[in-house]
């Protein structure tokens, strides 16, 4: 393919003739994901298999450079995490979150592919929670929903990356043939309380840690929340990342954490409400939510019986 020419391909990586599609291609960018959906375990396994198939085809067609989008969740969320995490930090994805373990497995496959072909280069991008204008990933939405139900003591630092800044990182990786792993995140981070303030989420209920977890699980079972199994550690422990390595390669974020988050959540009905109305609504809703949660748990138990 002529230098500087780009071709966008929509294909099912599980069945498409990848070797044919990669003929005369020297660089492949793999950004496969499903916006707005929560990847389950089966989807994760299929994603790993698809990535393996892609790498195998790339090797056969002598692709010299590949760019893979991973996620900062591969570091894991643990109480002893350093703040911020750098690319040389050992990966400890929380096994309860299938998405994290599957992303780590894809990274392992890429590393093996890179080692088996010394002449190639591979870029692995580990973005923070990615959002855009009126557009939130399943991870961003799930974290926002769950954070509103957490005890005040559980408010770890968080990062929000604008999708345009992620796109700029991809362009840089392709143009300069970056080799290795690069975190993608804005400068710094914001704490959990500021996340809720920016999102316009109503004041959290005075729940204990145990009650908060039960309420979150009940909401998931009833289909009224999108918080997947295994996300809880990421709501309790820090997993923010440093962007120094990507910055030194020439990348600069155009959006702060706050700017990215506010743009994605612009127009919240709560933020547009007067402080007096917020207070009255919060007092009334807290009782309703507690009663509703109890009814939901009872409904789940009855259905099980």
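Structure above, values below:
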item: Qualifying position, being modelled with pLDDT under 80 and outside any helix (DSSP H, G or I), among 119, 153; result: 153
item: Condition met for residue 105 (in a helix (DSSP H, G or I), under 18 Å from the mean Cα position of the chain (by Cα) and modelled with pLDDT of 90 or more); result: yes
item: Selected residue (only one of 20, 49 is surrounded by 12 or more Cβ atoms within 10 Å (Cβ to Cβ) and modelled with pLDDT under 95); result: 49
item: Qualifying position, being at pLDDT 95 or above and surrounded by fewer than 20 Cβ atoms within 10 Å (Cβ to Cβ), among 177, 221, 214; result: 177
item: Output for the stretch 65-90, where each listed residue is more than 19 Å from the chain's Cα centre (by Cα) and either in a helix (DSSP H, G or I) or crowded, with 16+ Cβ neighbours inside 10 Å (or both); result: 65, 66
item: Looking only at the stretch 130-145, and only at residues there that are farther than 10 Å from residue 264 by Cβ and within 9 Å of the chain's Cα centre (by Cα), the one that is modelled with the lowest pLDDT; result: 138
item: Some residue of the stretch 54-72 being at pLDDT 90 or above and farther than 21 Å from residue 112 by Cβ; result: yes
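The values are calculated or read from the model by the stated rules, or taken from the named source; none is laboratory data. Not measured: the values here are computed from a predicted model. Cβ sites come from the backbone with ideal geometry, for glycine too, and all protein chains shown count toward neighbours.
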